[in-house]
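Colleague: Below is one structure. I have some questions about it.
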Amino acid sequence: MTYTVEQHIALKRVSDIAPSPDGRWLAVAVQRLDRDGVKYVSDLWKVPTDGSPATQLTRGDSKDTSPGFRHDGALCFLSNRQPNEVKADEDADKRMQVWCLPAEGGEPAMLTDEPLGVEG
């Protein structure tokens, strides 16, 4: 059996991990190739510490990275996703902003709108 460079590039990679405040699960950023196989994007996953199956929290062709928790349990992260998936300009996908998923679940909300983006 041959292992190719293409197979290696297609592997998913764990890039960031943050334990939940109660220690019952981990927020994990997982890098993967985008739909076109051209660039790496990343999604956030909820990985229970009891060994039960993981749940994908974010989707799409954006980079969702650097997970961390607020005092209220909301999961915040950096992302280059665009509000309503509309790109404002050519460089919009390079600028990261802070987004949060409510502790009770739901859709992520953008917390920052810095013209030059946010770094973590």
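Every number here is computed from the coordinates shown, using simple stated rules; none is lab data. Please read all numbers here as calculations on a predicted model, not as lab measurements. Positions of Cβ are generated from backbone atoms using ideal geometry, with glycine treated the same way; all protein chains shown enter the neighbour counts.
Colleague: May I ask what percent, to the nearest 5, of DSSP beta bridges between residues of the stretch 5-110 are antiparallel?
Modeller: Here the antiparallel bridges make up roughly 95 percent for the stretch 5-110.
Colleague: For the chain, build the charge dipole from Cβ charges (+1 Lys, Arg; -1 Asp, Glu) around the Cα centre, then report which of TRP99, SER66, GLY23 sits farthest towards its positive end.
Modeller: GLY23
Colleague: Over the chain, what is the relative contact order in whole percent, taking alpha-carbon pairs under 8 Å and six or more residues apart?
Modeller: About 16 percent, as a whole number.
Colleague: Quick one: length gained pulling ASP113 to THR49 fully straight, 0.36 nm per residue minus the C-alpha distance?
Modeller: 19.7 nm
Colleague: Still on this structure, I have one more. Hey, can you rank 97-106, 1-10 by average C-beta count inside 10 Å, highest first?
Modeller: Sorting 97-106, 1-10 by mean packing, highest first, produces 97-106, 1-10.
Colleague: So how far apart, in nm, are the two label points at ASP61 and VAL5 if each is 7 Å from Cα heading toward Cβ?
Modeller: Roughly 2.4 nm, to one decimal.
Colleague: Continuing with the same structure: Full-extension gain between ARG24 and GLN82, please, as 0.36 nm times their residue separation minus the C-alpha to C-alpha distance.
Modeller: Full-extension gain reported as 17.8 nm.
Colleague: So what's the net charge close to PRO21: Lys and Arg +1, Asp and Glu -1, counting the other residues with Cβ under 13 Å from its Cβ?
Modeller: 0
Colleague: If you don't mind, there's one more thing I want to ask. Quick check: from the Cα gyration tensor, does the stretch 1-86 come out rounded (a/c under 1.5), prolate or oblate?
Modeller: oblate
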